[in-house]
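K.L.:
Questions regarding the structure given below will be posed in turn.
The values are calculated or read from the model by the stated rules, or taken from the named source; none is laboratory data. Quick caveat: nothing in here was measured; it's all calculated off a predicted structure. Every residue, glycine among them, receives a Cβ derived from its backbone with ideal geometry; neighbour counts consider all protein chains shown.
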Amino acid sequence: MSAVADMTVKGAALAAAAAGDFSDLPIHNPAIECASRERIRAVQLEKLIAQVAWTYERVGWYRARMDELGVAPADIKTLDDVRKLPFTDKSVLRDTFPYGLFAVPLDEVVELHASSGTTGKPIVVGYNDRDMAMWADCIMRLVQMAGVVPGDRAQMAFGYGMFTGGFGLHYGLQKLGCMMIPAGSGNTERHIAMIEDYGTTVLVATPSYALHVCEVGERMGYDWAKSSLRVGLFGGEPCPPGLKAEIESRMHIVCTDNYGLTEVMGPGVSGECLASRDMQHLAEGHFLWEVVAPDTGEPVPDGEMGELVLTPLGKQAIPVLRYRTHDLTRVVVEPCACGRTTARMQKVRARSDDMLIIRGTNVFPSQVEDVLAGIDGVTPHYRIVVESVGGLDRMTVHVELKPEAFSDSFEDMENLRRSIEEKLKGVLLVGVKAKLVEPGGIERAIGKAKHVDDRREK
C-alpha cells in the first residue's frame, strides 16, 4: 500500500490488511491507543481512584457493600487494589430497578436504555452528557479500525428502541462526521434499495442479518461487487470467522465486529482491528479489565481463559464496579501489528451461563460453530435443539446446506449427515444427531440470532 492510499476506495482496507500494511488506516486517539503500557496503566489508575470515590459518595448500595468489606476509597492506591471492591452482576441492577444505582439527579440524565431480560425486571441504565461523550469516543475508536472515515454514509439496521446498539453506534458515527441513515430493522428489500439510492458506504447490523441482506440482494440480482457499500460494522451477537469471511467475499466489503454490554455502557467496550481478526482492542482509557476464574472470582494467569470483569472509568450517571460479564475470553497486552498498544481480548465465543450440559458433558454453541465452519457445503446458519427423551438428554443440530451440497440422492445426504455427526462427536465428546435442512430452511434473524432451543423442563 502507498502512503497515500485512500480508505474510501472499496477494497482498500482489505488490501491493506492482506499486505500487512496498516499505516493508512486511521487511529482515532493515538495518545492513548498507541501509548506505553506504563502510560495506559497510569491513566487507568488515576481514573479508577476518582471512579471509586464518586461511586462511594453517591451510590448507597456500593457504600454499604464497601463498608461491609471494610474498604474505603482511600484504600485504592494501585490497580490491583480493585480486587478489594465488591463484584456487581445483573441481579444487583435488577434489585435496584429502576434508579437505585444512579449517582446523579434524574434531571441530569439525558438518555435511558434498558436490556430486555427473558425473566424478571429489565436492566435500566442512564447517561449524562459526559457519559454520552465517553460512549461516542469508544465508538469512534472502533469504527476507524475498519477504515470508516468522516464523510461515510452509515445505514443503521439495528432497531431504535431501548436496546443500546442502534443509538450508541449512531451517536459515535455521527460525531465522527458520518451521514447517518436511520433505516432501523426489518424490510430487507428496502434496505437494499436505500443502499443503492443513497450511496450507503457502511452497514451497521448483526452479522446474521447482514448475511440475510446479502442473500436477498443476490436473489434480486443485485451486484454487491459494484455496490457503494464498503464496510460492515457488526455487533449484538458473536461473529464466527467463517461467517465473516463469507460476508466479506460475497458482499465485497470489510467486516469488523465490536463487543459491549448495556450494563457497563453498550457497544464500544472493544473492537476488532484488521491486523488480528480474532482479537478486539479494549478501550482501556475508559475501562479497567480483569480476567477471573468463573467459579472462584480469583484472577487467572496472564493470557489465560477466564471470565471478563469490567469497571467503567469515568462513567457518572450509573457507575458500575467490577461487573461480572459471564463472558469467557483471554486478554493479551503485547503491541498489535496495527500500531495500537491497548490490550486485546479474544472475541467472546462462549458465556459461562450459556453452557449446555448434555449427559454430564459441557457443550458450548461456539464448539458447534467451529465444527460446521470446517465442513464444505454447509452455511453458517444452524440451530441446536435439546430435548429430554425417556429421561435422557438428546441434542440435535439442524444444519443448513448450501445449494451445491443439496442432492436428490438419499445415500449422499445420509453419508453427509453421518460425517457431520462424527465430526461433532469428535469435538463435543458426546453423541448428537444431525438434521440436514434445505438451503434457506433456517429462519433468518433481524436482531440477535437464536441458536439454541432448550426444550428440557427447567
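K.L.:
List pairs: first residue in region 390-410 and touching a residue at least 60 places away in the same chain (Cβ under 8 Å) and closer than 17 Å to Leu356 by Cβ, second residue hydrophobic (A, V, I, L, M, F, W, C) and outside any helix (DSSP H, G or I) anywhere in the structure, Cβ distance under 7 angstrom, at least six positions apart or on different chains.
P.N.:
Asp393/Ile358; Asp393/Val386
K.L.:
Next question. Return yes when Glu218 is at pLDDT 95 or above and either among the basic types (Lys, Arg) or part of a helix (DSSP H, G or I) (or both) and no when it is not. Step through it out loud before you land on a result.
P.N.:
Details: at pLDDT 95 or above: yes; either among the basic types (Lys, Arg) or part of a helix (DSSP H, G or I) (or both): yes.
Judged against the criteria, Glu218 is a match.
K.L.:
Also, I was wondering about something else. Given (1) in contact with an Asp or Glu (Cβ under 8 Å, 6 or more places away or on another chain); (2) among the acidic types (Asp, Glu); (3) without any contact (Cβ under 8 Å) to a residue 24 or more places away in the chain, where does Glu307 come up short, assuming only one miss?
P.N.:
For Glu307, the exception is condition (3).
K.L.:
From Thr188, Thr164, which residue is among the polar types (S, T, N, Q), in contact with a His (Cβ under 9 Å, 6 or more places away or on another chain) and more than 14 Å from Leu203 (Cα to Cα)?
P.N.:
Thr164
K.L.:
Would you point out the residue of region 394-417, among those that are in contact with a strand residue (DSSP E or B) (Cβ under 8 Å, 6 or more places away or on another chain) and of a type outside the set (A, V, I, L, M, F, W, C), that is surrounded by the fewest Cβ atoms within 10 Å (Cβ to Cβ)?
P.N.:
Our first condition is that a residue be in contact with a strand residue (DSSP E or B) (Cβ under 8 Å, 6 or more places away or on another chain); within region 394-417, this holds for 394-402, 405, 413, 416-417.
Then keep just the ones that are of a type outside the set (A, V, I, L, M, F, W, C); that gives 394, 396, 398, 400, 402, 417.
On the way: Arg394: 17, Thr396: 15, His398: 18, Glu400: 20, Lys402: 12, Arg417: 15.
Applying the filter and picking the extreme gives Lys402.
K.L.:
Go through region 251-307 and report how many residues are touching a helix residue (DSSP H, G or I) at 6+ places or on another chain (Cβ under 8 Å), surrounded by fewer than 22 Cβ atoms within 10 Å (Cβ to Cβ) and at positive phi.
P.N.:
Residues flagged as touching a helix residue (DSSP H, G or I) at 6+ places or on another chain (Cβ under 8 Å), surrounded by fewer than 22 Cβ atoms within 10 Å (Cβ to Cβ) and at positive phi within region 251-307 amount to 1.
K.L.:
Look at Gly391 and say whether it is more than 17 Å from Pro240 (Cβ to Cβ), over 24 Å from the mean Cα position of the chain (by Cα), surrounded by fewer than 18 Cβ atoms within 10 Å (Cβ to Cβ) and assigned by TED's automatic domain parsing to the domain that holds Leu428. Let's see the steps before the verdict.
P.N.:
Numbers: more than 17 Å from Pro240 (Cβ to Cβ): yes; over 24 Å from the mean Cα position of the chain (by Cα): yes; surrounded by fewer than 18 Cβ atoms within 10 Å (Cβ to Cβ): yes; assigned by TED's automatic domain parsing to the domain that holds Leu428: yes.
Against the criterion (more than 17 Å from Pro240 (Cβ to Cβ), over 24 Å from the mean Cα position of the chain (by Cα), surrounded by fewer than 18 Cβ atoms within 10 Å (Cβ to Cβ) and assigned by TED's automatic domain parsing to the domain that holds Leu428), Gly391 qualifies.
K.L.:
Which of the residues that make up region 349-370 are assigned to a strand (DSSP E or B) and within 13 Å of His326 (Cβ to Cβ)?
P.N.:
Initial filter on region 349-370 (assigned to a strand (DSSP E or B)): 350-351, 356-358, 361-363.
Within region 349-370, Ala350, Arg351 qualify.
K.L.:
Read through the list (1) farther than 22 Å from Pro380 by Cα; (2) buried (at least 23 other Cβ atoms within 10 Å of the Cβ), then give the number of the only condition that Phe163 fails.
P.N.:
The single condition Phe163 does not satisfy is (2).
K.L.:
Checking the conditions here, which among Val378, Val432, Val386, Val427 is touching a helix residue (DSSP H, G or I) at 6+ places or on another chain (Cβ under 6 Å), crowded, with 17+ Cβ neighbours inside 10 Å, touching a residue at least 60 places away in the same chain (Cβ under 8 Å) and among the hydrophobic types (A, V, I, L, M, F, W, C)?
P.N.:
Going through Val378, Val432, Val386, Val427 in turn, just one is touching a helix residue (DSSP H, G or I) at 6+ places or on another chain (Cβ under 6 Å), crowded, with 17+ Cβ neighbours inside 10 Å, touching a residue at least 60 places away in the same chain (Cβ under 8 Å) and among the hydrophobic types (A, V, I, L, M, F, W, C): Val432.
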